[in-house]
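The values are calculated or read from the model by the stated rules, or taken from the named source; none is laboratory data. Note that the structure is predicted; figures quoted are calculated from it, not measured. Cβ placement follows ideal geometry from the backbone for every residue including glycine, while neighbour counts extend to all protein chains displayed.
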Amino acid sequence: MKIDRYWQTGYGQAIFLSRIRLPHRTFLLSIIVTLAFFSTACRSAPADRPPGYLVAGIESNPLRLDPRHSTDANSVRIGNLIYSALLRADEHSRLGPELAQSWRRLDERSYEFTLRQSVRFHNGQPLTAADVKYTFESILNPATHSPKRGLLKYLAAIEQTGTHQLRFRLNAPHAPFVEQFTLGIVPAGSPANDKPPSGSGPFLLEAVDSGEKVTLKANPNYFKGKPPLAGVVFKIVPDAMVRALEFKKHSIDFMQNDIEPDMLPWLKKNTGADIGVHQGTTFQYIGINLTHPILGQLKVRQALALAIDRDAIIRHLLKDTGEAASGLLAPNNWAFDASVRHWPHDPLKAKRLLDEAGYADPDGDGALPRFRLSFKTTNIDLRRRIAEALKEQLRKVGIELAIRSYEWGTFFSDVKKGNFHLYSLAWVGVMDPDIQYQIFHSASVPPNGDNRGRYSNPEVDRLLEQGRLSADETERKRIYGQAQKLLAADLPYVPLWWWKNVVVQQPSVKGFVPYPDGDLISFKQVSLR
């Protein structure tokens, strides 16, 4: 019974597994997987695999594939295969032309584009500047209720200067606006309803079986050449262990992330999978309510940062699929500043800071907590285990955490409302450092942005405003370097780690190139052998 309770804590599970010899650990995982197989086999049918199609296992159903409305990761990633954009980020997160044959910045408020003339939508209709103009204007139209409307608030006008030429004019200098040119383009007149419009990307939408799968077919008329794959089936399997079993049965060819770290050694040994771990940009952090009387004190936040042993969690729970982070921007971001302060694990210093903040050890022996806080997270197993690890580490410096785990909708609703002491979330797909304005500027408190902890620093505000005005990358890097240092000192977030992208694929899958943000656009060059 003691072992059962210890196992259920999650962190105990990691320690227990790490302390037993590898053969026993592998055997234990094999038992778990076998039990899962028998409990799910009756519900798990083989994938419908048309000849030449790759089957990718994903955790959740894409909500809206229309690029004007897609916000969840799976909708965006699948949508990028269906819809082409003016510009596209490459595997190094650098923007380059896609639909654009050429483009240039005319001045601090104007951009000019010339489109490729050989592009057709999947319905056969030629793609012209009128389609680009319509796509952006439909997002700005309040009647479409696009969640991306706010991203275009600096767009004053779009002028079509030719069949394949157009000009964007902004109402103020805004250097990060170029990122909006990665929006997928739809045909002019496409209604904003639940039916995804036609695209012009390497794959076309063949079928959507909600909750089951999304099937894409290779576009034979893709302007960069027909993909080697006949198509892609995105098979929706919510349970990570069941996805691993489907992979073992060859019902799934490919998985990226959403994989239990403990399953990786088992997959490698029992399936012969090709497993790659690559630097990513997803940033995991602890969000803090700075209006809380205790958490509003800098020394308390510093103590939190020092009490956490990131390396232990990364080693035991994440199985080295993360890297201890200094802040939002990952090392592969062009604006990353390597001199930004890291917070090492130093529980003794954490205790001294808590003493200095006026929260002394009540009985002098650590038996009683200095104070209590709640920590909110989702009810996903790995997230709960991470929360238990954080609870144990903070307990050692006298901070007691009450873990509150919820299903995603309830959890995220509380976070958006500011109904929390501490919580943990991740920022995905970070490209331009201007995202810091949305998160940390004092004007970005909800509903105007995502400054959910109510952070305010006039100097940070000034720098984030300045970073939007300059188009010079060297100058912007200097500005955002200063902002990163201030944020690392103030700790409106406690940085945890940058997730690495874990790609698990069958040996027959060739040519996949991982992208830092987890994009799947390189499926257009993948083949099955």
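Here are a few things to note about the model shown:
- Phe223 vs. criteria modelled with pLDDT of 95 or more, within 19 Å of Arg88 (Cβ to Cβ) and surrounded by fewer than 20 Cβ atoms within 10 Å (Cβ to Cβ): yes
- Strands (runs of 3 or more DSSP E) contained entirely in region 317-414, each with at least 1 residues that are closer than 17 Å to Leu496 by Cα and within 18 Å of the chain's Cα centre (by Cα): 322-324, 371-378
- Exclusive hit being part of a loop (DSSP other than H, G, I, E, B), assigned by TED's automatic domain parsing to the domain that holds Val55, of a type outside the set (Phe, Trp, Tyr) and in contact with a Leu (Cβ under 9 Å, 6 or more places away or on another chain), set Pro238, Pro196, Pro228: Pro228
- Restricting attention to region 353-401, the residues being under 16 Å from Leu304 (Cα atoms) and either of a type in the set (Val, Ile, Thr) or outside the structural domain of His421 (by TED's automatic domain parsing) (or both) number 3.
- Only one of the numbered conditions (1) within 30 Å of Ile236 (Cα to Cα); (2) not in a strand (DSSP E or B) is not met by Ala56, and that is (2).
- Test: residue in region 464-483 that is at negative phi, under 25 Å from the mean Cα position of the chain (by Cα) and among the polar types (S, T, N, Q): yes
- Pro147 being assigned to a loop (DSSP other than H, G, I, E, B), assigned by TED's automatic domain parsing to the domain that holds Arg94 and more than 27 Å from Lys217 (Cα to Cα): yes
- Looking only at region 418-445, and only at residues there that are of a type in the set (Val, Ile, Thr) and in a helix (DSSP H, G or I), the one that is surrounded by the most Cβ atoms within 10 Å (Cβ to Cβ): Ile439
- Count of region 241-286 residues which are part of a strand (DSSP E or B) and either in contact with an Asp or Glu (Cβ under 7 Å, 6 or more places away or on another chain) or under 15 Å from Val503 (Cα atoms) (or both): 8
- Residue satisfying all of: in region 285-305; over 27 Å from the mean Cα position of the chain (by Cα) and of a type outside the set (S, T, N, Q); surrounded by the most Cβ atoms within 10 Å (Cβ to Cβ) among these: Ala303
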